[in-house]
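These notes concern the structure reproduced below.
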Amino acid sequence: MNSVETITHTIFIAEPVAGSEKIKGTPMTYDFYRNKIKGTSPIYAPNYIPEHEELPEKYTCTICKYQYRNSLIPFDELPETWSCPICNAPKSVFRKED
Ligand SMILES: [Zn+2]
């Protein structure tokens, strides 16, 4: 098993070697969590989006395509030392989306 560290997550990469046919159903993917369980990102998470507010401007990392959109902390107010939470690229590589 391998793992990749990011600032906010540890991503584990593994190949399943055994399972059970007793357990049926939809696997717990992030899409399932968001759409079926109605899970949302915590208010201070970089991908937090308020439900009934106008969406803030979106900035995209030109290295890994991570998208920053957070109405609590606009991109312009992030410190210059801020870096991409996925690939650690500096703030200067982000481009505003139209
Ligand atoms: Zn990035």
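The values are calculated or read from the model by the stated rules, or taken from the named source; none is laboratory data. Small disclaimer: the values here were computed from a predicted structure and weren't measured. Heads up, the Cβs are rebuilt from the backbone with ideal geometry, glycines too, and the neighbour counts pull from every protein chain shown.
Things to note:
- Among the residues of the range 4-43, those identified as over 24 Å from SER71 (Cα atoms), surrounded by 10 or more Cβ atoms within 10 Å (Cβ to Cβ) and at pLDDT 80 or above are VAL4, ILE11.
- Residue match in the range 24-43 (condition: of a type in the set (A, V, I, L, M), within 16 Å of the ligand (Cβ to nearest atom) and in contact (Cβ under 8 Å) with a residue 12 or more places away in the chain): no
Residue-by-condition table, conditions (1) more than 9 Å from the ligand (Cβ to nearest atom); (2) of a type outside the set (Gly, Ala, Ser); (3) touching a Ser or Thr at 6+ places or on another chain (Cβ under 8 Å); (4) at pLDDT 95 or above:
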residue: GLU53; (1), (2), (3), (4): yes, yes, yes, no
residue: PRO56; (1), (2), (3), (4): yes, yes, yes, no
residue: CYS64; (1), (2), (3), (4): no, yes, no, yes
residue: ARG69; (1), (2), (3), (4): yes, yes, no, no
residue: GLU77; (1), (2), (3), (4): yes, yes, no, no
residue: SER92; (1), (2), (3), (4): yes, no, no, yes
residue: ARG95; (1), (2), (3), (4): yes, yes, yes, yes
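- Residues being farther than 26 Å from THR10 by Cβ and in a helix (DSSP H, G or I) - total across the range 64-78: 2
- Single match in THR81, THR60 (criterion: touching a strand residue (DSSP E or B) at 6+ places or on another chain (Cβ under 9 Å), over 17 Å from ILE11 (Cβ atoms) and either part of a helix (DSSP H, G or I) or within 13 Å of the ligand (Cβ to nearest atom) (or both)): THR60
- Within the range 71-98, residues that are on the phi < 0 side of the Ramachandran plot have Cβ atoms under 6 Å from residues that are among the basic types (Lys, Arg) and assigned to a loop (DSSP other than H, G, I, E, B) in these pairs: GLU97/LYS58, counting only partners at least 6 apart in sequence or on another chain.
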